[in-house]
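The values are calculated or read from the model by the stated rules, or taken from the named source; none is laboratory data. All of these numbers come straight from a predicted model, not from anything done at the bench. Here Cβ is always computed from backbone atoms with ideal geometry, including for glycine, and neighbour counts include all displayed protein chains. Surface accessibility is based on the protein's heavy atoms, side chains included, excluding ligands, DNA and RNA. Shrake-Rupley method; radii C 1.70, N 1.55, O 1.52, S 1.80 Å.
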Amino acid sequence: MGRPKTDLEDRIVEAADRLFYERGYTNTGVQDIVTAARTNKPGFYNYFSTKEELARRYVTDRSEAMTAIIARAAEGSTDLPDFVRRWMGALKSETREGGLTRHGCGVANFAQQTDRTEQPMQKFMSEVTRRWLARTTAYIRSGVRDGRFPTAPGAGDIARRIFLVQEGALTMYRLSGSTRYFDEAAEMFEAWLSAQAPR
């Protein structure tokens with residue numbers, strides 16, 4: 001029998017989600033989280049043994065949410081530029097609606113705001129990034145198999161390039177508040193893809 005379900009775990013996760021997103025991992029302490037969650041440290045430790053365990057959940061949840069955006073963009077896309085336009089369009093909508101990307105990419109922000117000396121978290125972030133790229137590469141390979149996406153320059157290269165334009169667009173959005181960077185990111189990707197086409 002497990003412990004009875006209460007809303008305390010949800011409050012802790014929601015508080016950490018907001019604080020890690022706004023302040024970063026290094027700058028958020030357990031006391032900050034318990035204060036925001038309206039609990040105390042024993043309440044926190046009843047659900048999470050360490051701040052690192054909670055941070056891993058945060059990063060995993062954020063990564064899964066972004067993966068869901070990618071999967072929705074892949075569904076029904078007619079070709080690779082359409083896939084990227086749908087993906088950037090979904091991110092653009094998220095920023096306008098104050099959702100997942102209102103302050104940029106939560107996973108990238110977390111990585112940038114985590115001290116390099118936090119080796120276990122840095123290693124975990126690298127693993128999450130590898131999984132993210134692997135999933136996106138798998139979506140692209142699926143599109144190659146059914147003839148919607150080109151075989152060259154290669155699914156892995158395409159996935160890395162898409163993430164590059166995504167993170168660039170999200171960073172520029174965060175710096176400027178302008179959503180036009182999502183459209184420009186899709187255009188840049190399309191130009192790069194055209195340049196890769198066999199002559």
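What number comes out for accessible area per residue over the chain if the probe is 1.4 Å? Units Å², please.
The answer is 52 Å² per residue.
May I have the count of lysine pairs in the chain with C-alpha atoms under 30 Å apart, counting pairs 8 or more residues apart or located on different chains?
Step by step, the pairs that qualify in the chain add up to 6.
Once every DSSP H run of n ≥ 4 in the chain is given -39500 (n - 2.57) and the sum is divided by its residues, what mean residue ellipticity at 222 nm do you get, rounded to the nearest 500 deg cm²/dmol? Before the final figure, lay out each step's value.
On the way: 9 runs with 142 residues, N = 199.
After summing the helix terms and dividing by residue count, I get -23500 deg cm²/dmol.
Work out how much length N40 to Q196 would gain on full extension: take 0.36 nm times their residue separation and subtract the Cα-Cα distance, in nm to one decimal.
50.5 nm
Using the Kyte-Doolittle scale, which helices in the chain average at least -1.0 and also have C-alpha atoms spread 30 Å or more along the helix axis, with helices defined as whole DSSP H runs?
Working: long enough: 51-74 (34 Å, -0.40); 119-145 (39 Å, -0.66); 155-176 (31 Å, 0.32).
Qualifying helices: 51-74, 119-145, 155-176.
Report the local net charge at Q122: Lys and Arg +1, Asp and Glu -1, summed over other residues whose C-beta lies under 12 Å from its C-beta.
Net charge around Q122: -2.
Normalised by the number of residues in the stretch 61-199, what is the relative contact order in percent for Cα pairs under 8 Å and 6+ residues apart?
29 percent
Of the accessible area of the chain, with the probe set at 1.4 angstrom, what percent is carbon plus sulfur?
50 percent
Using a simple spin-label model with points 7 Å from Cα along the Cα→Cβ vector, what separation in nm is obtained for L164 and E118?
About 2.8 nm, to one decimal.
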